[in-house]
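The values are calculated or read from the model by the stated rules, or taken from the named source; none is laboratory data. Model, not experiment: these values are computed from the prediction. Cβ sites come from the backbone with ideal geometry, for glycine too, and all protein chains shown count toward neighbours. SASA here: full protein model, heavy atoms, side chains in, ligands and nucleic acids out. Shrake-Rupley method; radii C 1.70, N 1.55, O 1.52, S 1.80 Å.
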Amino acid sequence: MTNQTCAGTSISRRGLLGAFAATAVAAAPTYSNAAGFLRGGGDIRRIKMYNPRTGEAMDTIYWVDGRYIGEAMREINVFFRDWRRNEVHPIDNRTLDIIAATHRLVDVREPFMLLSGYRSPATNAMLRARSRGVAKHSLHLEGQAADLRLTSRSVSQVARAAASCSAGGVGKYSRSNFTHVDCGNVRSWGG
């Protein structure tokens with residue numbers, strides 16, 4: 001996995017947020033198929049989330065007109081860290097794109113709740129010992145997966161939106177009230 005960045009860019013992410021905030025809301029297109037969003041050009045991509053375990057919130061534009069913004073990507077990597085061990089790992093751009101597309105498709109202002117992003121091997125082993133539902137070779141270990149929740153949408157609604165991206169794995173964990181998304185092989189599971 002490689003993260004693409006805007007090398008040599010003199011525009012700050014905060015400056016971009018100010019410049020694009022109004023146009024992102026007013027001019028944001030509606031996509032009936034998230035794959036079109038993932039391949040689109042001339043637009044912006046935004047991640048809007050909070051983490052109840054750390055109390056942190058994020059609303060950041062991480063991609064503008066075909067380029068990932070290095071400062072935003074570093075901020076996202078820290079936000080998605082293994083909070084149990086405070087370990088940071090690069091998050092795969094494709095996972096972020098699936099999350100951003102899913103958020104647009106569910107059409108809410110509410111940020112995603114991030115339950116799990118990157119997991120260190122030690123954390124994954126601990127969670128595996130507690131639950132049969134944790135994969136030994138989880139894509140969380142590679143920074144390629146996230147477990148998400150919205151209070152205003154059901155697990156099934158979020159999963160349908162993510163699955164429409166046809167870009168990775170989507171797991172429904174209705175009993176635990178979260179949706180897993182990853183940039184691995186296209187597949188789905190759960191109920």
Report, by residue number, each residue of the stretch 80-96 that is crowded, with 21+ Cβ neighbours inside 10 Å and touching a Gly at 6+ places or on another chain (Cβ under 6 Å).
-> F80, I91, D92
Check whether at least one residue in the stretch 109-127 is among the aromatic types (F, W, Y) and modelled with pLDDT under 95, and report yes or no.
-> no
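Here's the yes/no breakdown for (1) in a loop (DSSP other than H, G, I, E, B); (2) buried (at least 18 other Cβ atoms within 10 Å of the Cβ); (3) over 19 Å from the mean Cα position of the chain (by Cα):
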residue	(1), (2), (3)
I98	no, yes, no
A101	no, yes, no
R109	yes, no, no
L115	no, yes, no
Y118	yes, yes, no
A125	no, no, yes
A129	no, no, yes
Under the condition of being open to solvent by 10 Å² or more (accessible area, probe 1.4 Å), aliphatic (A, V, I, L, M) and assigned to a loop (DSSP other than H, G, I, E, B), which residue from the stretch 136-191 is modelled with the lowest pLDDT?
-> A167
Give the residues of the stretch 91-111 that are under 20 Å from R53 (Cα atoms) and in contact with a helix residue (DSSP H, G or I) (Cβ under 6 Å, 6 or more places away or on another chain), sorted by residue number.
-> I91
